[in-house]
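The values are calculated or read from the model by the stated rules, or taken from the named source; none is laboratory data. Given the structure is predicted, the values throughout are model-derived calculations rather than measurements. Heads up, the Cβs are rebuilt from the backbone with ideal geometry, glycines too, and the neighbour counts pull from every protein chain shown.
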């Protein structure tokens, strides 16, 4: 009996020790993996000069205080190397309106009407199907003095394109459509789809004569089934506006179409005026 008892005790101790060692090893492995994931997440929002040219990441912002310019993935100075912008370094109460146009669902006419009422220039970054399907709106934008910029032909992840020829093709196809519609050459203003980019992309855009534009203020306005209320939109767009802001809005947003006239009025009441991206590029 004593021998059987001792065997059971030793067996229990062996299993307990083995379980402890396995658990400790798993915990250490999990901690290492978590640390690696945190490092990768941190690297994804690193400044342009801190990552390799082939790295890709999403444009992101960090707000510190309402009324102040947020920090971006890269500084104004770092982006300037590539003729790229996300805001203007100024204390002047000026802002720059930009709209991303993936398709038309009836809100763009109201947006254009509000812009004309306030004599506010804007830049509309368009994809191929928008130009093809809405020639009258493209002509109206240009007639009102707005910039029609290039948002690529098919809205791909441009950071996955390493060939200059393939990169050029995404832009040239939109240029060709714009020329057919307006009879003019398209302005060389570019916005990466979804803000996904790499320094290699920025270099290629510059080589092709393009200025690249990110943003310093935006809000979740593109979800068609979850449109923000007017109050939610005003809270974000009034509270976080700042001198030199490049504002990103989507033309597909019903909320934007409904509030833009009042939004521009309230920005004006705050002392803001509206500039053209041409003022930033000096063109």
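Looking at (1) part of a loop (DSSP other than H, G, I, E, B); (2) in contact with a helix residue (DSSP H, G or I) (Cβ under 7 Å, 6 or more places away or on another chain); (3) surrounded by fewer than 16 Cβ atoms within 10 Å (Cβ to Cβ), which one does residue 139 not meet, given that it meets all the others?
(1)
State whether one or more residues within segment 37-58 are crowded, with 17+ Cβ neighbours inside 10 Å, modelled with pLDDT of 95 or more, in contact with a helix residue (DSSP H, G or I) (Cβ under 8 Å, 6 or more places away or on another chain) and in a helix (DSSP H, G or I).
Looking for residues that are crowded, with 17+ Cβ neighbours inside 10 Å, modelled with pLDDT of 95 or more, in contact with a helix residue (DSSP H, G or I) (Cβ under 8 Å, 6 or more places away or on another chain) and in a helix (DSSP H, G or I), one finds none in segment 37-58, hence no.
Looking at residue 266, is it surrounded by fewer than 21 Cβ atoms within 10 Å (Cβ to Cβ) and under 24 Å from residue 127 (Cβ atoms)? Working first, answer last.
Numbers: surrounded by fewer than 21 Cβ atoms within 10 Å (Cβ to Cβ): yes; under 24 Å from residue 127 (Cβ atoms): no.
No; evaluated as a whole, the condition is false for this residue.
Does residue 140 fit the bill of being at pLDDT below 95 and farther than 30 Å from residue 239 by Cα? I'd like the intermediate steps shown before the answer.
On the way: at pLDDT below 95: no; farther than 30 Å from residue 239 by Cα: yes.
Judged against the criteria, residue 140 is not a match.
Return the residues of segment 101-136 that are assigned to a helix (DSSP H, G or I), closer than 18 Å to residue 175 by Cα and touching a strand residue (DSSP E or B) at 6+ places or on another chain (Cβ under 6 Å); say none if nothing qualifies. Please lay out each step first, then the result.
Quick first cut of segment 101-136, residues assigned to a helix (DSSP H, G or I) only: 108-117, 128-133, 135-136.
Those left that are additionally closer than 18 Å to residue 175 by Cα: 128-133, 135-136.
Within segment 101-136, just 130 meets the criteria.
Report yes if residue 279 is out of contact with any helix residue (DSSP H, G or I) (no Cβ under 8 Å at 6 or more places or on another chain), surrounded by fewer than 19 Cβ atoms within 10 Å (Cβ to Cβ) and assigned to a helix (DSSP H, G or I), otherwise no. Spell out the reasoning first.
Details: out of contact with any helix residue (DSSP H, G or I) (no Cβ under 8 Å at 6 or more places or on another chain): yes; surrounded by fewer than 19 Cβ atoms within 10 Å (Cβ to Cβ): yes; assigned to a helix (DSSP H, G or I): yes.
Yes: the conditions hold for residue 279.
Only one of 202, 237, 248 is out of contact with any helix residue (DSSP H, G or I) (no Cβ under 8 Å at 6 or more places or on another chain), crowded, with 21+ Cβ neighbours inside 10 Å and either under 25 Å from residue 280 (Cα atoms) or touching a residue at least 60 places away in the same chain (Cβ under 8 Å) (or both). Can you tell me which? Can you show your working first?
Numbers: 202 fails: out of contact with any helix residue (DSSP H, G or I) (no Cβ under 8 Å at 6 or more places or on another chain); 237 fails: out of contact with any helix residue (DSSP H, G or I) (no Cβ under 8 Å at 6 or more places or on another chain).
Answer to the selection: 248.
Quick check on residue 177: is it closer than 26 Å to residue 107 by Cβ and touching a helix residue (DSSP H, G or I) at 6+ places or on another chain (Cβ under 7 Å)?
Numbers: closer than 26 Å to residue 107 by Cβ: yes; touching a helix residue (DSSP H, G or I) at 6+ places or on another chain (Cβ under 7 Å): yes.
Yes; evaluated as a whole, the condition is true for this residue.
Does residue 152 count as within 20 Å of residue 198 (Cβ to Cβ), in contact (Cβ under 8 Å) with a residue 40 or more places away in the chain and not in a strand (DSSP E or B)? Lay out the reasoning, then the answer.
Working: within 20 Å of residue 198 (Cβ to Cβ): yes; in contact (Cβ under 8 Å) with a residue 40 or more places away in the chain: yes; not in a strand (DSSP E or B): yes.
The answer is yes for residue 152.
Looking only at residues that are closer than 15 Å to residue 258 by Cβ and under 23 Å from the mean Cα position of the chain (by Cα) in segment 107-122, which one is surrounded by the fewest Cβ atoms within 10 Å (Cβ to Cβ)? Break it down stepwise before answering.
Step one: of segment 107-122, the residues closer than 15 Å to residue 258 by Cβ are 107-115, 117.
Those still in the list that are under 23 Å from the mean Cα position of the chain (by Cα) too: 107-108, 111-112, 115.
Values: 107: 19, 108: 22, 111: 24, 112: 22, 115: 23.
My answer is 107.
If you go through segment 258-276, how many residues are in a strand (DSSP E or B) and either farther than 15 Å from residue 245 by Cα or in contact with a helix residue (DSSP H, G or I) (Cβ under 8 Å, 6 or more places away or on another chain) (or both)? Walk me through it before giving the result.
To start, the set of residues in segment 258-276 that are in a strand (DSSP E or B) comprises 273-275.
Still in the list and also either farther than 15 Å from residue 245 by Cα or in contact with a helix residue (DSSP H, G or I) (Cβ under 8 Å, 6 or more places away or on another chain) (or both): 274.
Count: 1.
Give the number of residues within segment 74-94 that are in contact (Cβ under 8 Å) with a residue 60 or more places away in the chain and farther than 16 Å from residue 281 by Cβ.
Final tally of qualifying residues: 3.
Among the residues of segment 137-149, count how many are free of Cβ contacts under 8 Å to residues at least 60 places away in the same chain and under 18 Å from the mean Cα position of the chain (by Cα).
Residues in segment 137-149 being free of Cβ contacts under 8 Å to residues at least 60 places away in the same chain and under 18 Å from the mean Cα position of the chain (by Cα): 1 in total.
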